[in-house]
Amino acid sequence: DAGVTQSPTHLIKTRGQHVTLRCSPISGHKSVSWYQQVLGQGPQFIFQYYEKEERGRGNFPDRFSARQFPNYSSELNVNALLLGDSALYLCASAGRESNYGYTFGSGTRLTVV
Amino acid sequence: GQSLEQPSEVTAVEGAIVQINCTYQTSGFYGLSWYQQHDGGAPTFLSYNALDGLEETGRFSSFLSRSDSYGYLLLQELQMKDSASYFCAVPSGAGSYQLTFGKGTKLSVIP
């Protein structure tokens, strides 16, 4: 069974541009969460979606938005990119059997220049 | 708010035992989790403690003391492949998928 898949794996963007990151959860998992991880820090919560509804939002500006599709895949969008948005963006999925253990994808490494 | 404190770096010898501590401050407590992350890799779930005491899973054990707002991850029979960053994390509510992570402890296992 495939794990959590994210695309692209690496991305370079220029300040002011827009970026879309994609995530496919484990089959059967209805919850998808997004995290930002800056080098040397722990992941920081951005959004959580369950059954296509936003269930949680972290302390991030409105430039960050997300959505979940009927097949439970998800997109994270970031507008007006800043240098400080350079980070590893992680997607995590969870299902009923997860028992508080969330499965993360390998992430998208975003570099803003 | 929620905050977690853990040492930034730990070095240990192959075959030895190492303990990684985590102290937390939370407005409500809903359990303590541990994740492992190798350089360039995804965080991998290791354990979850909701009640006081020790949980053992193979070479890894995790301990929780709610009265002390403290937990630790114990790694036994260290192997070179255990070199990684280890994060403690707490959920924001019961059954919440919103996790707050510590800054991580980088474990280096030396021969």
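Just so it is clear, none of the values below were taken in a lab; they were calculated from the coordinates. All values derive from a computational prediction rather than experimental measurement. Cβ atoms come from the backbone with ideal geometry, glycine included; neighbour counts cover every protein chain shown.
Dipole magnitude for chain A: about 200 debye, using +1 per Lys or Arg Cβ and -1 per Asp or Glu Cβ, origin at the Cα centre. When the Cα gyration tensor is reduced to axis lengths a ≥ b ≥ c, the ratio a/c is 1.5 or higher for segment B:21-63, and with a/b not above b/c it is classed as oblate. Residues in segment A:26-51 near a label at B:Glu55, defined as backbone nitrogen under 12 Å from the 7 Å Cα→Cβ point? Hits in segment A:26-51 for B:Glu55 at 12 Å: none. Antiparallel beta bridges, as assigned by DSSP with both residues in chain B, represent about 90 percent of the total such bridges. Each residue of segment B:14-19 is assigned a 3J(HN,Hα), and the resulting list reads 3, x, 8, 10, 9, 10 Hz, derived from the Karplus form 6.51 cos²θ - 1.76 cosθ + 1.60 (θ = phi - 60°), x at Gly and Pro.
This ranking places B:Lys103, A:Lys52, B:Lys81 by how few other beta-carbon atoms lie within 10 Å of each, fewest first, which gives B:Lys81, A:Lys52, B:Lys103.
Computed over chain B with a Gaussian network model linking Cα atoms closer than 10 Å, the most mobile of B:Tyr24, B:Tyr97, B:Tyr86 is B:Tyr97. The charge dipole of segment A:61-113, taken about its Cα centre with unit charges on the Cβ atoms of Lys, Arg (+1), Asp and Glu (-1) only, comes to about 40 debye. The stretch between A:Asn71 and A:Ser7, if pulled fully straight at 0.36 nm per residue, gains 21.4 nm over its current Cα-Cα span. Close amide H pairs (under 5 Å, H built 1.01 Å from N) link A:Gln17 with A:Leu81, residues at least 5 positions away or on another chain.
Taking a point 7 Å out from the Cα of B:Glu77 in the direction of its Cβ, the residues of segment B:38-59 whose backbone N falls within less than 13 Å of it are B:57-59.
Dipole of segment B:57-111 computed with +1 at Lys/Arg Cβ and -1 at Asp/Glu Cβ about the Cα centre; of B:Gln79, B:Leu99, B:Ile110, farthest Cα towards the positive end is B:Leu99.
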